Amino acid sequence: MSDVMFTANRLDNGAVIWLTAALRWSEAARQAAVFSDDGAEAARDEVAAACHRNFIVAAYEVAVDGRADTSMRERIRAGRGPTITPPQDNLAPGPRPATGD
Amino acid sequence: MTWFDLVTGDLLRRGVIGHVHAGGASLSDITAADITRIGGAALAIRFDRFSDGRGFTAARHIREVLAYTGTLVAQGHVIPDQADYLRRCGFTHAEISLSAAPQWRRARALAPPAMQRVLDSPRARSLIPNRRVRSPRRRDHQPD
Amino acid sequence: MYRYDEFDRAFVERRAAQFRDQVDRRLRGELSEDEFKPLRLQNGLYLQLHAYMLRIAIPYGVLSSGQLRGLAGIARDFDRGFGHFTTRQNIQLNWIRLVDAPDILDRLATFDMHAIQTSGNCIRNVTCDPLAGAAHDEIEDPRVWAEIIRQWSTLHPEFAFLPRKFKIAISAGAEDRAATGFHDIGLRLVKSRGDETGFRILVGGGQGRTPRVARQLAHFVPKRHILSYLEAVMRIYNAAGRRDNIYKARIKILVDAMGIDAFAEAVNTEWGLIKDGATDLPELEYRRIAAHFAPPDLAEASPVPLALALAQRHDAGFARWVRQNGLPHRLPGYANAVISLKSAGRPPGDASASEMEAIADLADDHGTGEIRVTYQQNVIIPHVRRDALPALYRDARKAGLGGGENGLISDIIACPGLDYCNLANARSLPLADRIFQRFDDPQRRAAIGRLQVNISGCINACGHHHAADIGILGVDKKGVEHYQITIGGRAGEAAAIGRIIGPSFAEHEVPAVIGTIIDTYLACREGDESFAAYVARTGTDGLKAAVYDDGVARAHAS
């Protein structure tokens with residue numbers, strides 16, 4: 001069985017999250033744990049539970065080779081934003097913080 | 001399971017169903033003869049999946065083309081948020097579990113007003129008076 | 001433009017309240033994600049690569065300055081201060097929180113906007129010629145019909161759960177600026193021999209994995225019957241469209257399977273049953289809606305004002321801008337001004353909140369307070385006096401918006417691509433910028449002339465690459481982003497699908513490949529024929545040879 005990482009989006013704010021070694025969810029990609037064999041089974045149970053308690057949506061597994069760089073898609077996702085610079089607003093940001101900070 | 005009245009929000013004990021039109025069946029699968037045969041029993045249209053919208057077209061066909069005027073029940077996988085769509089396409093009832101009744105009542109109450117005319121039947125008219133001028137011509141076989 | 005009455009306002013407010021309840025039920029677990037997803041999509045909320053994306057409806061691309069300022073405020077208060085104008089005349093925000101969505105919809109309702117049916121398996125935003133009501137070549141204003149069809153299709157109870165999405169476009173001009181040939185239903189306003197106005201109906205166009213140019217379904221349907229006719233089409237599609245495979249579920253596949261004649265016959269039979277019923281609009285209601293689109297009162301203005309001629313003579317940049325961006329108006333003393341959202345370092349179609357406010361100011365100061373969003377991801381200020389063009393250009397430049405040139409090679413259409421989208425195989429935005437930069441010499445751009453470059457990050461073709469002079473399709477080749485080139489697509493009246501010219505290229509090779517194509521065209525064209533005319537005359541073999549046969553060496557050259 002290959003090594004895997006688990007990722008999803010938070011239901012309430014859409015933020016990208018990763019499953020840590022402690023089976024908790026983190027927005028920091030560097031805290032994403034690599035699971036194998038029995039560990040992966042326990043992780044899958046947590047993924048199902050997190051769906052069931054309406055915390056996450058769109059969960060999936062990412063096959064990894066050690067912690068080697070995964071696909072371009074996962075790298076962009078872990079980077080939490082586009083690889084280009086969007087247009088900058090001239091005013092100070094409004095009272096509500098953007099998600100995923 | 002119980003029957004939820006899409007117009008009044010009341011709950012009814014399930015009646016006798018004379019014919020079930022499968023959601024995926026062709027419209028030609030149900031004929032005027034079928035309707036006459038069931039007499040006073042109800043007609044049902046089954047939704048295999050709530051996102052399979054063929055049942056709505058089947059309901060309108062049964063109302064408008066076959067001029068069916070009896071009880072029309074939505075069976076199978078339908079969700080409360082479809083309550084108003086079902087009613088406006090000519091369903092009189094949805095078959096639901098008792099525990100879902102509060103959600104159906106709430107969904108029915110929250111439905112926005114109708115943007116377009118669908119059926120002319122009084123049972124299918126929007127709850128908010130339709131602001132459009134009533135067309136003077138009615139087709140001969142419109143149900144009452 | 002159409003102004004909401006109390007009924008319309010009550011409608012969007014109730015819809016927002018309904019969605020708030022749906023979000024609450026989802027968060028509490030009373031609705032599963034499977035049940036919630038279509039409800040969320042039909043309010044424009046799409047889970048994307050980084051977060052939820054909200055696609056706000058801009059009906060047939062028309063906005064008031066007040067609405068555009070309202071959108072700027074939402075981008076600023078609920079997102080990261082910018083938005084993206086799409087090929088379907090909508091606007092997208094990329095970092096929306098689900099818990100904020102009800103508040104956003106409430107706020108949208110305060111300026112008569114919403115996100116209804118911008119996603120999901122339903123009838124989507126009806127798009128239109130962005131010059132509607134201001135065009136020099138139209139039979140009548142198609143926005144009247146876009147609004148009528150919008151109302152008819154909004155929360156239509158029979159068509160909320162179609163096999164797949166459904167896109168309608170309307171054109172009324174001699175030139176088709178709404179890409180009707182690439183829509184599920186394309187409507188073209190035409191006059192019959194008896195001088196009656198009606199619609200020529202096209203069906204089954206689309207991009208995606210099986211691109212199709214729409215075929216004629218009906219050569220003339222009288223205006224007054226358009227809703228019953230559309231209802232007949234939708235009913236046949238809803239009943240018979242495939243639901244077993246999302247890649248085979250569009251109406252184009254059904255038309256292929258049945259054949260256009262059998263399909264037309266099925267529609268006509270159904271139409272016969274319903275055409276004298278309650279669907280079509282009573283005359284009174286038609287006139288109520290049409291009254292909203294009465295032409296604005298525009299004062300007489302000179303078609304050749306001195307101020308304009310002087311500005312053109314003294315400012316080469318302005319002269320270039322006005323030649324490309326000052327589009328003809330139905331009145332000779334006026335123009336429709338394109339504000340291009342294509343510039344160095346700018347993702348095509350993106351505008352910051354402050355830029356949106358600047359555009360609103362341009363519309364108020366130099367136009368009639370109205371803005372149009374175009375299929376090419378730009379915006380247009382309609383009804384600008386020609387003698388006001390220098391002032392508009394000056395103010396646009398101050399806001400950083402006076403640069404781009406409409407219709408030239410730099411006017412790239414690009415989908416958001418892998419930088420934002422869950423479905424993408426490759427990024428589109430960095431490549432768009434590299435191509436833009438490669439053609440940064442304005443004289444070279446002018447020499448090349450009209451040339452549409454479109455980039456799609458995946459086979460779903462949201463960048464409309466099939467309909468481009470030069471189309472670029474992102475593919476995944478063993479985990480590395482690669483790009484396939486197509487040539488000879490066209491979006492207007494003579495719609496055509498571009499042809500793939502050969503194997504794909506790595507990203508760093510693509511700008512040079514485009515360069516080779518352009519060089520070959522410039523060297524081989526006859527007189528000043530456009531790229532499209534050149535390809536029509538000579539085909540793609542010459543370009544293929546230039547790009548591939550001289551070796552991949554040619555492609556690597558710069």
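The values are calculated or read from the model by the stated rules, or taken from the named source; none is laboratory data. Nothing here was measured: the structure is a model prediction, and the numbers come from that model. No Cβ is skipped: glycine too gets one built from the backbone with ideal geometry, and neighbour counts run over all protein chains shown.
When each of C:Asp387, C:Asp469, C:Asp440 is tested for being away from chain A (no Cβ under 14 Å) and either free of Cβ contacts under 8 Å to residues at least 24 places away in the same chain or within 30 Å of C:Met1 (Cβ to Cβ) (or both), the lone residue that passes is C:Asp387.
Report whether or not C:Tyr52 is farther than 15 Å from C:Met113 by Cβ, buried (at least 22 other Cβ atoms within 10 Å of the Cβ), touching a residue at least 12 places away in the same chain (Cβ under 8 Å) and of a type in the set (Ser, Thr, Tyr).
Working: farther than 15 Å from C:Met113 by Cβ: yes; buried (at least 22 other Cβ atoms within 10 Å of the Cβ): yes; touching a residue at least 12 places away in the same chain (Cβ under 8 Å): yes; of a type in the set (Ser, Thr, Tyr): yes.
Against the criterion (farther than 15 Å from C:Met113 by Cβ, buried (at least 22 other Cβ atoms within 10 Å of the Cβ), touching a residue at least 12 places away in the same chain (Cβ under 8 Å) and of a type in the set (Ser, Thr, Tyr)), C:Tyr52 qualifies.
Being more than 9 Å from chain A (Cβ to nearest Cβ), within 23 Å of the chain's Cα centre (by Cα) and of a type outside the set (Phe, Trp, Tyr) is a property that does not hold for C:Gln18.
Within the stretch A:1-41, the set of residues being among the β-branched types (Val, Ile, Thr) and assigned to a strand (DSSP E or B) comprises A:Val4, A:Thr7, A:Val16, A:Ile17. If I filter the stretch C:66-79 for residues that are of a type in the set (Phe, Trp, Tyr), in a strand (DSSP E or B) and either surrounded by fewer than 23 Cβ atoms within 10 Å (Cβ to Cβ) or at the interface with chain A (Cβ under 9 Å from one of its Cβ atoms) (or both), do I get at least one hit? Scanning the stretch C:66-79, I find no residue that is of a type in the set (Phe, Trp, Tyr), in a strand (DSSP E or B) and either surrounded by fewer than 23 Cβ atoms within 10 Å (Cβ to Cβ) or at the interface with chain A (Cβ under 9 Å from one of its Cβ atoms) (or both), so the answer is no.
The number of residues in the stretch C:103-161 being more than 14 Å from every other protein chain (Cβ to nearest Cβ) and free of Cβ contacts under 8 Å to residues at least 12 places away in the same chain comes to 0.
Tell me the helices (runs of 4 or more DSSP H) entirely within the stretch C:303-376 that contain at least 2 residues that are in contact with a Lys or Arg (Cβ under 7 Å, 6 or more places away or on another chain).
On the way: elements: C:306-314, C:316-325, C:353-366.
Counting at least 2 such residues, we get C:353-366.
When the stretch C:256-279 is filtered for residues that are surrounded by 13 or more Cβ atoms within 10 Å (Cβ to Cβ) and either outside the structural domain of C:Val203 (by TED's automatic domain parsing) or in a loop (DSSP other than H, G, I, E, B) (or both), the ones remaining, listed by number, are C:Lys275, C:Asp276, C:Gly277, C:Ala278, C:Thr279. Restricting attention to the stretch B:69-120, and to residues there that are over 21 Å from C:Asp21 (Cβ atoms) and facing chain C (nearest Cβ under 7 Å), which single residue is surrounded by the fewest Cβ atoms within 10 Å (Cβ to Cβ)? Result: B:Asp120. Restricting the stretch C:390-437 to residues that are among the acidic types (Asp, Glu) and more than 20 Å from C:Phe531 (Cα to Cα), which is surrounded by the most Cβ atoms within 10 Å (Cβ to Cβ)? Result: C:Asp419.
Output the number of residues of the stretch A:62-80 satisfying the condition of being out of contact with any Gly (no Cβ under 8 Å at 6 or more places or on another chain) and either facing chain C (nearest Cβ under 7 Å) or at pLDDT 95 or above (or both). Step through it out loud before you land on a result.
Taking the stretch A:62-80 first, the residues out of contact with any Gly (no Cβ under 8 Å at 6 or more places or on another chain) are A:62-70, A:73-79.
From the residues that got through so far, the ones that are either facing chain C (nearest Cβ under 7 Å) or at pLDDT 95 or above (or both) too are A:73, A:76-77.
The qualifying residues number 3.
For the stretch C:16-65, a residue qualifies if it is touching a Ser or Thr at 6+ places or on another chain (Cβ under 8 Å), closer than 22 Å to C:Glu147 by Cα, in a strand (DSSP E or B) and of a type in the set (A, V, I, L, M, F, W, C), and exactly one does: C:Ile56. Summed over the stretch A:6-29, the residues that are without any contact (Cβ under 8 Å) to a residue 12 or more places away in the chain and within 10 Å of the chain's Cα centre (by Cα) give a count of 2.
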